[in-house]
Structure formats: structure tokens, C-alpha cells
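What follows is a single structure, written as C-alpha cells, with notes after it.
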Amino acid sequence: MTSDTILEYDKFLEWFQTHKVLPKYDPTNEKKTPHEWWDLNHVRIHQLLKDMSKSNTTVMTKIAEDDIELRYLHKTADTLDKVQRSKKFRVALSGPQAAGKSSFLNSLLDCPGMCYAAADGRACTNSIIIYFHFRGTVEEAFLAEVKFHTAKKIEEIVDQFSRDYYHFHHFDDEIAEATDETRRQRRGRVHDEADVRAKDTAQDIFETLFGGKDFFREAWSTEGYLSKTFQKECERKCAEAISKLNINTEGIARYVAPTPEELFSQIKTFTTKIPNEISLWPLVDTIRYGLDREILEQGFEFIDLPGWGDRNTAKTRHADEIKDTIDVEMIFIDTCRITTENVAIDNIRAALKNLGSSGVVIVATKIDAIPEDELDRCKGKGFDDIKKKIQWATCRRAQAAADGDDDVELRLDRFEEYLKRERTCLKIIERCASINADFEGKFNDLIGNESIKIFHISSKAYLKWISQDRLPYSTQPKLSPGLTGIPEIRQYLLHLPASCNLRDLREQALIEVESYLEKIDRVVNQRDRSDGFQILAAKFQDLRADFIAQIEETVKDWIRESFAILAVVNTPSNSVYRQNIDDLVNKTWLALYPYSTFHKILKEKGLVCKGASISKALAEGCDWNRELSFELEDHLKSWKVRQNHMNDALRSASVTFFNLFFNKVLIEMKRSDCDISSFAIARAKWLPYKNKLLTQAAVLLKELANVQEWLLRRGTMADGRQNTLIPALTDQKFDEVYTAMPAEKPSSTKAKRKYVEGIFSYKKRTMRQLFLSPDQHIFDEAMNLFRNVGHNRTGTIAEENITKIDTLLNRYSETLQNLVPIEYEISPQGRQIRDKLREMLPTLREQAIELQSLFPSKPTLSDDSSDGPITIVDSETSDRDLSFLIQKALAAKPMIQPTPAVSKKHRKKEVELKKEIEEEESLFLPEMPSVTKKRRIG
């Protein structure tokens, strides 16, 4: 936008005639990123599939129980029009509270009133809500499935809220030491803001459970908390509240409504705190919200996560677990704070480490929230011209008012409003360009020269465009629908699954339909059937069973070997790591913090964010879990170096082994006693499986490598998340130290308790026992947990992928079995059905040809269409198993030796030496003029 695009007064009057009243914005007319998927005639394709399915299932009725062929055909025909998506695109929406995530969903899904949100932050979404595609009736167009926490999870939640409330009101009792000095230190203590918020949240929940403030106060007592009778009563109240709802055996309550407003009225208390209503959101695990929208129909699931800063650790970690399953994370940040807020930068970095640049989208919200006085101060190209025009319009309007010319005054008033809107748009464009420039290169250490997608939106303005059927000029938002950013981000999202959706529909409409017609032809005409296929099917079944058994056994051994190094306890390196952890606990955790600070860190399970405490010792915050994981980092990275070597060997061996199996099937079938015709047909149908097998093997290897990267991030906390290895171990230990109290002296009374040992010293001793015990050191516990989690997770991934490989081979096995002559008597009804199917077959083939014509041509792979050469292998490997091939690959390439363990003392000396060298080198550098050092973020 430039000064040349700003209309003069006379041109504005012409323009205004076409913009006096504008219709509601229609998103169905939005342009999409060019792709073959959008060029398809979807209506005709689905109609053909539906017609084929209906015509076939209508014919196949009253099928005999033993007529396996017809039953199989009927089952296949019934699913012809049901396209199976190979993938769901899961998108998580994260960001600070009141950043505008819920408002964005209202806009993206063109559904005002669907999400309950407020800009002041007092009505932010507290539950995890998943939006998915649902096509119901007119009366049940919108669906909500509210899933509640398990009894065990509710117990954990109640315990945390009870502790928050008790801690706030009994802090002095908790930290009391038997010295006057400590009492003097406690005078004038002020609660942290985080503690106040935690207390308020706990109180709100308890008042909801007990039906009011007075009933809660009557139920609460210190003795009840310490004896846990209060917590048990809360758990009973929770179970009672849930039991009053209409829930199924899975703990899910289902709600439907014809409009989003009506559905919201039913579920609002499950999403956030609603004044003067019983709000059960703390008991909710997730809410699945279903509605019919084009973007959801493309296979998307949008997950609205609670805002950052939630002190409920369980909920925060649950959100992190969900992030492990997503494809894209959209991070929403207020435009005013987007490049300066450290929490936002840290979360962007964590997302990039997990998903890469292609999986992270930054959304700057509230782009039009610009104060009028700031706009008045804008100078430069475009702004100066607008300012002159505004001044001219103001003077002319004043003159018209003095002359009593109301029409001219009104026209000038509109012109002035137009100029101010254009000024706002110009400022927004300028600010967006500035934000993009600030982000350029900020994360090069993580993503190199790749870029991150950044969108700038105003949900508020967009919602105005879709909330009224007609918008007079006076009520039109300052931003046009296009400038709100919502159409642009919708276009971007819709393009993501296009290739995957095209592949799935092509698979269904072409490959599955063609396979189905071939089966009909074979059933009704008894074509290509031969006893030779019985021989081939039996031979292939033996080869398949041996192939799968080898993969299962070898991969299981490979996984066991992958984590075997972590089971070795007594090594020089491990002794160094244990000593480093001993130094961390003894010389930092137990030496640097006063008792009140130490106690708070324990209560927060080792994590206190920057600015969350008024304690000077916590001015920069602290993360004991991250400090502990740092001491494991070198050891886990050494494991990953060794693992990369094993991955390369498995990759090389797998390619060879799968090729050997493919060729062995061809050779063994040729050697069998089947007739030449059967072998030729079986061979032609087997050739396409070469690429399919190698592709599936590549998927297995990639997913195993991804799990290893995930394990390394979780072990080192490189992504900054708390649902990781160390917190899983330390949570309970921190709790035990927090609640640990020494035995009381015989002279102790309820009014004045006396202990045989100082509380602080007792807690220190307890921490040393829990973390540094030689028999159960935290280092050994961490390695055991890492090994167990890694073994289980990789084992699950391997099992799932080997099952897919077996399923793929089973399809070929079924193909051979279908060519075996039938051995049962066909009933008269069965013959009639076959006759009708035979009559329908030409029509079905015509429909299949039309279907094929509706898709763009696709190049075929050579192995899918030709015989393809049989790979020649040396005699040493031609009859070897996968284990032998792995060992051969390992021996062929020596492993890079990992960096040895370094003690904290030696590490400190290295840092000091490096600093000395840098200082010496700086003496020989020419003196440079001083410059203002920019603050580095990230």
C-alpha cells in the first residue's frame, strides 16, 4: 500500500457507492493453492463409487453361509464408497492465555459462538478441546464428547490443589525452625503471585465441589488435609458430580445440538470457569467437538491446548504428550510481544526441535490492536500523505458544519473514516514486515537457512465479516477479509493434506475398484483358476512365515542390543557421571538456597519459572530437572553415536535381506511343481511387491530412528518439555522430600511441635538418600528408565511395522488363494447372484473407466509394470539371515568413538582455559568502535 493507492475525495465518493453496504463474507469463494486434488470432480467421483457400491450390495442378498466368495464380494462392495484416509493431520494450537487461540478457531471454522473466550483472560479455555469432522443431522449438527479423568488422575489433581491451598495458608508452619533467627527472617513475608493464583484456583474448585464457600470452609481443616480425609471427601464429591451426568462405560458424556450456541450452553462448564455455575473443567480429560466443515473434512483435527503458565503440572504434561502426536504446532502470540517475550521464543525453539521448520507455524494475533495516538504519530511514506488528507477533510467538515450542509459533512466524515482505516492498514503492513524481519535468522542454529511460516491475523475483524448478513459502512471492520489473515492461513492449511488425500482417493477409486472387478470376473466366470495356485500359495506361505519370523527375532535382538550399553553399571565413565550429580545435589541444590526457597522448589517439583517468585535466589527461576538432565547429556549422546552406527548397519542389511526374499520367492515358485501358466500369473502379480516391501522397510527404519531422536530429546530435556525422563523419576522424590518431617520429641505438643532433628537438615538428608544412595543412585535409575522406555517404545514401533509388512504379504497370499478352484457346492441363489453380477460387469467396467478418466495420469514405477531384473548377490550372502547381514555391515564400517566423560572440575578448567585463550587472542585484534549490543533472544 502506497500513497498512490489512497483515493482522493472525488474518487472515494465513487468507490463508496459500491461499498456502502457489503454482504457477509463467503469463504467458499476463497482461492486454493494450485494442486491436482482441487481440480478433481469430487462430486462425480463419489457418486460413481456410491452407485457401484449400492448396485452390487442390492444384488447380493440372502447369501449362503458357506459361499465365502460372495460374502467377500459383498463385504468389499459395501466399502467401495468409503475412502480410508491413511493419515489424520493433527494441528495443536498453543500460546499464552488470552492469545486468541479460541477466537481463531471460531474464525477458521466459520463458526461464531463455538468457542468461549474473552480477551481479558478471565474466561480462557482450561480444557483440551479437539475439533474433528462430524456430519450429523439437522437437529444434531454439532457434537461434543466430554471425557473425564480416571479416578487415579482425579486423585492426583485433588492432591495438588489441596497442597496449593494448604501451602498458602500454612507456609510459616511448614518452614518453622526452632531458632529465633528463622522467625525473624519470616517477618513481613509476602506470597508469590503464582502462589496466590494457585490458591485461588484451588479454592474455586473446592467451592464448586462442595456447593459454596461456606460448605467448603466447613469441610476444610488442617487435620483433615494432613490425614488426607479432606482429599478423600473431595474425590468422593468428584465421583458424585460425574455420576450425575449421562456418561458411558468409557467415562464419556455425549452432547448434541443443532447450533454451536446451543451446544456451548450444554458444555461451557466443562471448558472453563463460569460465574455462578458449577464448573467441572478440572475433572475433564479432553473434549472432542465435531462439526461439518470443509477443512475438517480434509482430514484435520485441531487441538486447542490450555494457555501457557498453567500451574497444574498434570495438565501441562498431558498437553506435552499430545504434542508428541501432532504434525503441526501453531504458536499464537500477541503481536505486541511476539519478538520480545522469552517464554514465546523458548516454546518456538522447543517446537522446532520436535517438528522442524515445516511443522511449526507462528501466528501473530490482534494485528489491528493499535492505539489511536500511536497511529497519529506515524510518519514516513504514505502516512504523511494520509495525514494531510485527514487535516484537509477535518477543515472542510468543520466548514460544512458551520454552513449547515449536513450532506457534505456526512460525506467528509466518511472520507475521514476511510483515511483512518487506510492508515491502520498501512501501519499493520509495516509492523508485519518488521516482525518478519526480526524473526529472520533467529533460529538458524536449529533449522539452518530454512524459514518458518509466519501469519498475521485479526480474528476479531474476521468474525465481524461473517456474523452479519449485511454490513453497513459504519460497522465494517477496518481490515478487509483478506487482510485479517484468516483466508491466507486457511489456504495454507488446506494445501497440507492435498497430496495425501489425492493418493488415498486414487487408491480407492482406481486400485481397489479394479481389484474388486477382477474378483467379480473371477467369481462369476471361474477365470484363471488352477490347482497350481494351491501349490504356489502353500510355498509362499512357508516363505512368508520364515521371512517374518526372521525379521521379528532379529529386530528384537537388535533392539535389545541397542540399549544393552545402558545396562552396564560399573564403568569409569559412569562413576564420573555419578560424581557430577553428587556435586550438583550437594554443592548447588543443598548449599545455595535458603530453606524457604528450597521448600518452594520442592513444592513446584523442581521447576520455578523466571518471574514466578519474589525470592532473590529465584530471580532467574530454576529448573532442577533440566540441571540434572544436563549431567546425563554426554552419556546419552554417546549412546546415540553408537546407535547411529547400528542404524546404518540395519538399513544396509534390510535392503539386502528384502531383495533376497523377493528374489527367493520368484526362484522357489519357478522350482515348484505348478504349471507354467500359474507361475506366469503368480510372477506378474508378485513383481509390484518389490517396491512396496522396500518402502515398508524404509518406513520401519525411519520410525525407529525417529523414536531414538525422541528418546534423546526426552532424556536430555533438549526441547524444554516436562513430560520427560527426569521429571518421571524426580516428581515422587521431590514430593517425599517436601513432605518429609523428622520425628517429634516426647515433649512436643500440638501448639508447639519439637523435633529430634532440624527440619531443613532432615530434608537434606532425605534428599541425599533418595538421589545419591550408592544402591539406588539417580543416575542408575535414569538409565534403567531410559532403557525400559526405549525398549518398549521401539518394540511397539517395530511390532506395528512388521505387522504392516505381514499384512502386505498376506494380500499377495490371498491373491493366490482366490485363484484356487472352489471346493463347495454353489446354491441356486448363489448362481442367480453370479448371473446378475455377470450382467452388471460391463456397466461396472464402464464406470471404472470413467473413474480413471477423472484422475490425472500418474507415472508408473518400472517394478510395478515390468518384470524387472533379478538382483544378483554373491554366494556368501545369498542364503544368509538378517542377523548375519547386520553383523557384516557393522564390521564393514568402524564406529566413531564417542567423547569420554568429563568431570565437573575438569569441565570448569576447560571453560576457564578457553576464556583465557580468547582474552589473549583479543589483545592482537584491532580496536573496534563501540556499538550498542543488541539483546540476543533464544
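Read the figures in this text as sums done on the coordinates, not as results from a lab. All of these numbers come straight from a predicted model, not from anything done at the bench. Methodologically, a virtual Cβ is constructed for each residue, glycine included, from the backbone with ideal geometry; neighbour enumeration extends over all protein chains shown.
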Worksheet, complete the sentence: Of the listed links LYS389/LYS453; LYS389/LYS442; LYS153/LYS605; LYS24/LYS427, those spanning more than 29 angstrom between alpha carbons are LYS389/LYS453; LYS389/LYS442
Fill in: Over the chain, equivalent-ellipsoid semi-axes from the Cα gyration tensor in Å
53, 45, 32
Worksheet item: Around ILE247, what is the net charge, scoring Lys/Arg as +1 and Asp/Glu as -1 over all other residues with Cβ under 11 Å from its Cβ?
Response: +1
Discussion item. Counting only chymotrypsin sites (Phe, Trp or Tyr not before Pro) that sit in a DSSP loop (anything but H, G, I, E, B) with at most 13 other Cβ atoms within 10 Å, what is the longest stretch of the chain containing none of them?
Written reply: 1-823
Worksheet item: HN-Hα J couplings of the range 738-752 from phi, Karplus 6.51/-1.76/1.60, θ = phi - 60°, integer Hz, Gly and Pro as x?
Response: 4, 8, 5, 9, x, 5, 8, 6, x, 7, 5, 10, 5, 6, 9
Item to complete: Output ³J(HN,Hα) for the range 197-211: one whole-Hz value per residue in order, computed from phi by the Karplus curve 6.51 cos²θ - 1.76 cosθ + 1.60 with θ = phi - 60°, and x for Gly and Pro.
Response: 5, 5, 5, 4, 4, 4, 5, 4, 5, 5, 5, 5, 5, 8, x
Discussion item. If I stretch the segment between ALA219 and ARG838 completely, what's the gain in nm (0.36 nm per residue apart, minus their alpha carbon distance), one decimal?
Written reply: 215.1 nm
Worksheet item: What is the distance, in nm, between label points placed 7 Å from the Cα along the Cα-to-Cβ direction at ASP200 and at LEU808?
Response: 5.7
Discussion item. Going by amide H atoms built from the backbone, whose H comes under 5 Å of the H on TRP308, apart from near neighbours?
Written reply: GLY95, GLN97
Worksheet item: Of all DSSP beta bridges in the chain, what percent run antiparallel (nearest 5)?
Response: 45
Worksheet item: Which length gain, in nm to one decimal place, applies between LYS610 and LYS702 when the Cα-Cα distance is subtracted from 0.36 nm times their residue separation?
Response: 29.3 nm
Worksheet, complete the sentence: For LYS31, counting only aspartates and glutamates whose alpha-carbon sits under 19 Å away and dropping same-chain residues fewer than eight positions off, the answer is ASP39, ASP110, GLU294, GLU297, GLU488
Fill in: Estimated FRET transfer efficiency (ALA743, ASP557; beta-carbon r; R0 51 Å; 0.05)
0.50
Worksheet entry | Under-5 Å amide H pairs with VAL360, H placed in peptide plane, nonlocal only | GLU329
Discussion item. So for each of 360-366, 692-698 I average, over its residues, the number of other beta carbons within 10 Å; can you give me the resulting order with the highest mean first?
Written reply: 360-366, 692-698
Worksheet item: Any idea what % of Cα-Cα pairs in the range 245-371 are farther than 19 Å?
Response: 63
Discussion item. Greater than 30 Å separation of Cα atoms is the criterion. Which listed pairs, LYS199/LYS228; LYS353/LYS763; LYS244/LYS600, meet it?
Written reply: LYS353/LYS763; LYS244/LYS600
Worksheet entry | Calculated from backbone phi, Karplus (6.51, -1.76, 1.60) coupling profile of the range 463-476 in Hz, x at Gly/Pro | 4, 5, 5, 10, 9, 10, 5, 9, 10, x, 4, 5, 9, 5
Worksheet item: Rounded to a whole number of µm²/s, how large is the Stokes-Einstein D of the range 190-276 at 37 °C and 0.692 mPa s, given Rh as the Kirkwood radius over C-alpha pairs?
Response: 214
Fill in: Linear extension gain, SER451 paired with SER773, 0.36 nm per residue minus alpha-carbon span
111.2 nm
Worksheet item: Taking the Cβ of ASP78 as the center, what net charge do the other residues with Cβ under 12 Å away carry, scoring Lys and Arg +1 and Asp and Glu -1?
Response: +4
